[in-house]
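Notes follow once the structure below has been shown.
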Amino acid sequence: MATYVEVEQAIGMGGLRMVMTPAVPGPWTEAARGILHVKRIPYIKVRQELGGANHPLREWTRQTTAPVFIYNDERPRSLWNDQLFFAERLQPDPPLIPRALDDRARMVGLSNELCGENGLGWARRLMMLHGTLTNRNANEDAIRFARFMGAKYGYDPALAEAAPHRVAEILAALDGQLAAQRARGSRHLIGERLSALDIYWAAFAALIEPLPQELCPMSPGFRRMYQCDDPAVKAALSPHLLAHRDFIYHEYLELPLDM
Ligand SMILES: N[C@@H](CCC(=O)N[C@@H](CS)C(=O)NCC(=O)O)C(=O)O
C-alpha cells in the first residue's frame, strides 16, 4: 500500500503535496493522480480521513475534501480544474489541455460534466447515498456515514431520484463524442492525442463499473457501492466507453492502482 504522511507533518514540507483518501479509488483523486503520473510530477501523499472531521486539514486548506494540491507556499487547490491548470503550468509536457480553442472548450466542458458540481461524479454520489438512506436493512454505521456525506454534499431525495437520468445523459454525450472521434480516425476523446478528458473518463468510470479487483483492489463494501445497477445508467454505458477506459488505463496510467 502507498505511504502517507499526516497533515501535521506535510505542512512543514515543500514541493507538491496531495491530500488523498487511502484505500479508496475516489475518482477525483484517481484522475489527479493520473494527471501527475502522465506528467511525471513527483508528490507526497497526505492522508485524508474519509467521512471524518479532518480538523487539521480544515485548518490548512479551509475545506475537508480530497484531493487537494498544495505546492510550496501557494494557495491550496481543491477543485479539479484548478488542479489541472496547475499541473499544466508546472509541467507543460505532455500537454493535457488542447491548444485549439474549440477543442479546449469542449474538453473543459465535458470534463465539467464528469467532475463538476451536478456532474456524473456528483450524481453518482447522490445515488449511492440514496441507496443507503432508503434501505431499511442498512446498518447504523452505514446510515451515519451516508447522513454525514449527504449533509456535506447536498443530498436531497428528489435530486437523487433524478440523478440516474443525469448520469445517463452525460454517458450518452461522451459516447457520441467518442463515436465522432472514431469516425475521424482518432483514438482519443479530443483531438489527436491524450487530453485530461480521457483521464477523467477513465477514473470516473469506476463509479459505474470499477476495474477488476486485481487491477483496482478495494473493499467488498466499496466495490458493491461503486458498481452501478441502475438500468438507465447501465443501458447508457456503451461497450465503446468501457473499452476506452481500459485503453487509457493500459496505455497511460498506473496499474494496478496503488491507493
Ligand atoms: N475536489 C473535487 C471534489 C472532490 C470530492 O468530492 N471528493 C469526495 C469524494 S466522495 C471526498 O473526498 N469525500 C471524502 C470526505 O468527504 O470525507 C472538486 O473538484 O470538486
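Name the single residue, out of those in region 25-43 being more than 14 Å from Leu253 (Cβ to Cβ) and near the ligand (Cβ under 8 Å from one of its atoms), that is modelled with the lowest pLDDT.
Of everything passing the filter in region 25-43, Gly26 is modelled with the lowest pLDDT.
In region 210-254, which residues are of a type in the set (A, V, I, L, M), buried (at least 18 other Cβ atoms within 10 Å of the Cβ) and closer than 22 Å to Ser195 by Cα?
The first filter runs over region 210-254 and keeps only residues of a type in the set (A, V, I, L, M), leaving 211, 215, 218, 225, 232-233, 235-237, 241-243, 248, 253.
Cutting the leftovers down to buried (at least 18 other Cβ atoms within 10 Å of the Cβ) gives us 211, 218, 225, 233, 236-237, 241, 248, 253.
Matches in region 210-254: Leu211, Leu237, Leu241, Ile248, Leu253.
Being under 30 Å from Tyr4 (Cα atoms) and either over 15 Å from the mean Cα position of the chain (by Cα) or surrounded by fewer than 21 Cβ atoms within 10 Å (Cβ to Cβ) (or both) is true for just one of Leu207, Leu159, Leu257. Which residue is that? Walk me through it before giving the result.
Working: Leu207 fails: either over 15 Å from the mean Cα position of the chain (by Cα) or surrounded by fewer than 21 Cβ atoms within 10 Å (Cβ to Cβ) (or both); Leu159 fails: under 30 Å from Tyr4 (Cα atoms).
Step by step, each of Leu207, Leu159, Leu257 is checked, and only Leu257 is under 30 Å from Tyr4 (Cα atoms) and either over 15 Å from the mean Cα position of the chain (by Cα) or surrounded by fewer than 21 Cβ atoms within 10 Å (Cβ to Cβ) (or both).
Of Ala138, Ala105, Ala180, Ala160, which residue is among the aliphatic types (A, V, I, L, M), closer than 27 Å to Asp229 by Cα and modelled with pLDDT of 95 or more? I'd like the intermediate steps shown before the answer.
Values: Ala138 fails: modelled with pLDDT of 95 or more; Ala105 fails: closer than 27 Å to Asp229 by Cα; Ala180 fails: closer than 27 Å to Asp229 by Cα.
Every option except Ala160 fails the conditions.
Quick check on my filter: what residues within region 44-54 are outside any loop (DSSP other than H, G, I, E, B), among the charged types (D, E, K, R) and within 13 Å of the ligand (Cβ to nearest atom)? Step through it out loud before you land on a result.
Here is the first cut: in region 44-54, the ones outside any loop (DSSP other than H, G, I, E, B) are 44-47.
From what is left, the residues that are among the charged types (D, E, K, R) are 45, 47.
Arg47, the sole residue that qualifies.
How many of the residues making up region 175-204 are more than 19 Å from the chain's Cα centre (by Cα) and of a type in the set (A, V, I, L, M, F, W, C)? Step through it out loud before you land on a result.
Taking region 175-204 first, the residues more than 19 Å from the chain's Cα centre (by Cα) are 176-187, 191-193.
Right, trim to of a type in the set (A, V, I, L, M, F, W, C) and you get 178-180, 183.
The number of residues fulfilling the criteria is 4.
Being assigned to a helix (DSSP H, G or I), in contact (Cβ under 8 Å) with a residue 12 or more places away in the chain and either under 20 Å from the mean Cα position of the chain (by Cα) or not assigned by TED's automatic domain parsing to the domain that holds Met225 (or both) is true for just one of Ile35, Ile41. Which residue is that? Break it down into steps so the answer makes sense when it comes.
Values: Ile41 fails: assigned to a helix (DSSP H, G or I).
Selected residue: Ile35, the only one of Ile35, Ile41 that is assigned to a helix (DSSP H, G or I), in contact (Cβ under 8 Å) with a residue 12 or more places away in the chain and either under 20 Å from the mean Cα position of the chain (by Cα) or not assigned by TED's automatic domain parsing to the domain that holds Met225 (or both).
If Ala66 passes every condition in (1) touching a Leu at 6+ places or on another chain (Cβ under 9 Å); (2) farther than 20 Å from Phe204 by Cα but one, which one does it miss?
(2)
For the structure I just gave you, tell me whether Met107 is assigned by TED's automatic domain parsing to the domain that holds Ala163, in contact with an Asp or Glu (Cβ under 9 Å, 6 or more places away or on another chain) and more than 12 Å from the ligand (Cβ to nearest atom). Full working, then the answer.
Values: assigned by TED's automatic domain parsing to the domain that holds Ala163: yes; in contact with an Asp or Glu (Cβ under 9 Å, 6 or more places away or on another chain): no; more than 12 Å from the ligand (Cβ to nearest atom): yes.
Answer is no for this residue.
Take Ala172 and tell me if it is over 16 Å from the mean Cα position of the chain (by Cα), among the aliphatic types (A, V, I, L, M) and either open to solvent by less than 30 Å² (accessible area, probe 1.4 Å) or in the same structural domain as His240 (by TED's automatic domain parsing) (or both).
Yes: the conditions hold for Ala172.
Phe69 versus (1) more than 21 Å from Phe148 (Cβ to Cβ); (2) in contact (Cβ under 8 Å) with a residue 24 or more places away in the chain; (3) within 9 Å of the ligand (Cβ to nearest atom): which is the lone unmet condition?
The single condition Phe69 does not satisfy is (3).
Which pairs do you get when a residue that is farther than 30 Å from Arg187 by Cβ, found in region 153-174, comes within reach of a residue that is away from the ligand (no atom under 16 Å from the Cβ) and open to solvent by 40 Å² or more (accessible area, probe 1.4 Å), reach meaning Cβ atoms under 8 angstrom, with the pair 6+ apart or on two chains?
Hits for this filter: Pro157/Thr134.
Could you please find all residues in region 128-142 being open to solvent by less than 70 Å² (accessible area, probe 1.4 Å) and either under 24 Å from Arg58 (Cα atoms) or within 16 Å of the ligand (Cβ to nearest atom) (or both)?
Met128, Leu129, His130, Gly131, Thr132, Leu133, Ala142
Among the residues that make up region 145-154, is at least one of them surrounded by 20 or more Cβ atoms within 10 Å (Cβ to Cβ), touching a Ser or Thr at 6+ places or on another chain (Cβ under 7 Å) and not hydroxyl-bearing (Ser, Thr, Tyr)?
Yes - at least one qualifying residue is present in region 145-154.
The values are calculated or read from the model by the stated rules, or taken from the named source; none is laboratory data. Bear in mind that the values here come from a model prediction, so they are computed numbers and not experimental data. Positions of Cβ are generated from backbone atoms using ideal geometry, with glycine treated the same way; all protein chains shown enter the neighbour counts. Just the protein is used for accessible areas: all its heavy atoms, side chains included, with ligands, DNA and RNA removed. Shrake-Rupley method; radii C 1.70, N 1.55, O 1.52, S 1.80 Å.
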